[in-house]
């Protein structure tokens, strides 16, 4: 077997076909490298988010919901924006109400719709969280304005193509 491997007849260990010569070196690994980089960045982002919300003893999903409530938002819309089902939105609303951060109100135009509205305490916490979360974001804090604009443009392009199902150029 050693002799056949050294002659380069295309067989590797255990009789499996070896990849063509140069295949491993010429393969585009950018997708893999991008995912690895994003994974590492997301770890830093999660750590940052948890560190910011920890002093407020607020569960992550509640902090995310608090950030999304600008004036008022229907519970259905909140669920859609944080990608969770109605029962989880109810648990978030319960927690925010219990802490005096939001109240549920009936939509004046459609009594079947419940809206979450921030209380003054919730609005104040929303401001603090927004300031702490977004003023020193890992991965972004050291980018200049042009780099931030380029990153944002790429993110918008990527998301738009995924939503549209458009093949990459």
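Values quoted throughout were computed directly from the atomic coordinates according to the rules given, and no laboratory measurement underlies them. What you see is a predicted model; the values in this text were computed from it and never measured. With ideal geometry, Cβ positions are generated from the backbone for all residues, glycine too; neighbour counts draw on all protein chains shown.
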query: Restricting segment 118-127 to residues that are touching a residue at least 12 places away in the same chain (Cβ under 8 Å) and surrounded by fewer than 16 Cβ atoms within 10 Å (Cβ to Cβ), which is nearest to residue 49 (Cα to Cα)?
result: 121
message: Being surrounded by 10 or more Cβ atoms within 10 Å (Cβ to Cβ) and outside any helix (DSSP H, G or I) is the filter here; which residues of segment 142-165 pass it?
response: 143
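Rundown of residues vs (1) without any contact (Cβ under 8 Å) to a residue 24 or more places away in the chain; (2) touching a strand residue (DSSP E or B) at 6+ places or on another chain (Cβ under 6 Å), yes/no style:
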residue	(1), (2)
55	yes, no
63	no, no
66	no, no
82	yes, no
85	yes, no
96	no, yes
- prompt: How many residues, within segment 28-46, are touching a residue at least 60 places away in the same chain (Cβ under 8 Å) and over 21 Å from residue 92 (Cβ atoms)?
  reply: 2
